[in-house]
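Read-outs throughout are calculated quantities, based only on the coordinates presented, and are distinct from any laboratory measurement. Note that the structure is predicted; figures quoted are calculated from it, not measured. Cβ atoms come from the backbone with ideal geometry, glycine included; neighbour counts cover every protein chain shown.
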Amino acid sequence: MKILLFGANGQLGSAFQDLSKTDAFPVGWTLVGLSSKECDLSDESILAERLEREKSDLVINTAAYTAVDRAEKEQTLCDAINARAPAVMAAYCKAKGIPLIHYSTDYVYEGAQNCEHFEAEAPKPQNVYGASKARGDEAVVALGGEHLIFRTSWVFSHVGKNFVNTMLKLGAEQSELRVVEDQFGAPTYAPDLAEYSLHALMRGLEQKAVTGGFPSGVYHLTNSGVTNWADFARAITPATRIVGISSSEYPTGAKRPLNSRLSLEKFTKAFGVRPRPWQEALRVCLERLKDQNG
């Protein structure tokens, strides 16, 4: 099986590439990763041509426009990458009869309620980025091909630009940091996200082989547990004094949801596994960073 991966240089794309070199990756499967420089997802014709050229058996889209604040001023580009590109991929996969794995975000929800979000909840994004991701989800579902859409949150890794690496850097430079404490969600380790996605895919393919039906749909996929940004920072750099502040004290160009709690019930029931707690994943990430940095 040949897998075509978009967003190969991102946190999740890198995790998939690392995973493909381990025993967890099925024998006979190959992964072809494309970065944004190798395929411009904002150009539908370029994307369509590349999909035809690669002739893959599965498409994984980890690519996205993720500059949340800048998206408020770059709506056209954001929409092209986050909404129209997934639609092109989904149309291709539907025509070829192959699955598409696509990633979405907690930002599709309003985040005002003090409870978990479920997949059946109607999206109500509060910013341009979230709205573009919601339109991408809708396009993939509407086209009706085989698909797994994983909505995730607060992705971090031992590589790339993310909250963990930022807090470690700032914590080494400053004795005190002010971090928002009224936004709640689940930190998600990119390698875990890749591994649980692969597990779900394999279960889905097994189900298709037995029943003829693929478990297409939208699923929440994060590490389990919940925290806020300030407590997450405290777990990352315990030697640094973290002062919790409100979102209003840290104004941003785009509004963020206060509640990003995503229920894992549907994913767990469908694929027979519950992701490990974010605290365990963070410990692994910090150990890998320590090994990398000597």
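Helix 128-143 axis versus longest C-alpha principal axis of the chain: approximately 20°, rounded to the nearest ten.
The dipole here belongs to the chain: it is taken about the Cα centre, uses +1 on the Cβ of Lys and Arg and -1 on the Cβ of Asp and Glu, and is about 240 debye. What the pair-distance distribution of the range 184-278 shows, using all Cα-Cα distances binned every 5 Å from zero, is 2, 12, 17, 18, 15, 12, 9, 7, 4, 2, 1, 0 percent. Taking packing as the residue-averaged number of other Cβ atoms within 10 angstrom, the listed peptides 139-145, 245-251, 57-63 run from highest to lowest as 57-63, 139-145, 245-251. Over all Cα atoms in the chain, the spread is summed up by Rg and Dmax: 18.7, 58 Å.
Just add up the charged neighbours of Ala131: K/R +1, D/E -1, any other residue whose Cβ is under 12 Å from the Cβ of Ala131.
Numbers: positive: Lys124, Lys133, Arg135, Lys255; negative: Glu72, Asp79, Glu110, Asp137, Glu138.
Cβ neighbours under 12 Å give a net charge of -1.
Between the helical axis of 278-292 and the longest alpha-carbon principal axis of the chain there is an angle of about 90 degrees. All Cα-Cα separations within the range 100-193 were binned at 5 Å from zero, giving a P(r) of 2, 11, 18, 19, 19, 14, 9, 4, 2, 1, 0, each value a whole percent of the pairs.
Of all lysines in the structure, the ones whose alpha carbon falls short of 20 Å from that of Lys21, not counting any fewer than 8 places away in one chain, are Lys2. When Lys94, Lys73, Lys133 are arranged by Cβ crowding within 10 Å, least crowded first, meaning fewest neighbours, the order is Lys73, Lys94, Lys133.
Taking the Cα of Ser246, stepping 7 Å toward and past its beta carbon, and measuring to each backbone N in the range 173-206: which are under 16 Å? Output list for this probe position: 179-184. For the peptides 30-40, 102-112, the ranking by mean Cβ contacts within 10 Å, running from highest to lowest, is 102-112, 30-40. Estimated from helical segments only, the mean residue ellipticity of the chain at 222 nm is -12000 deg cm²/dmol, where each DSSP H run of four or more residues counts as -39500 (n - 2.57).
Compute the helix-to-body angle for 163-173: its Cα long axis versus the longest principal axis of the chain, expressed 0 to 90° and rounded to tens. On a 0 to 90 degree scale, this one is about 30.
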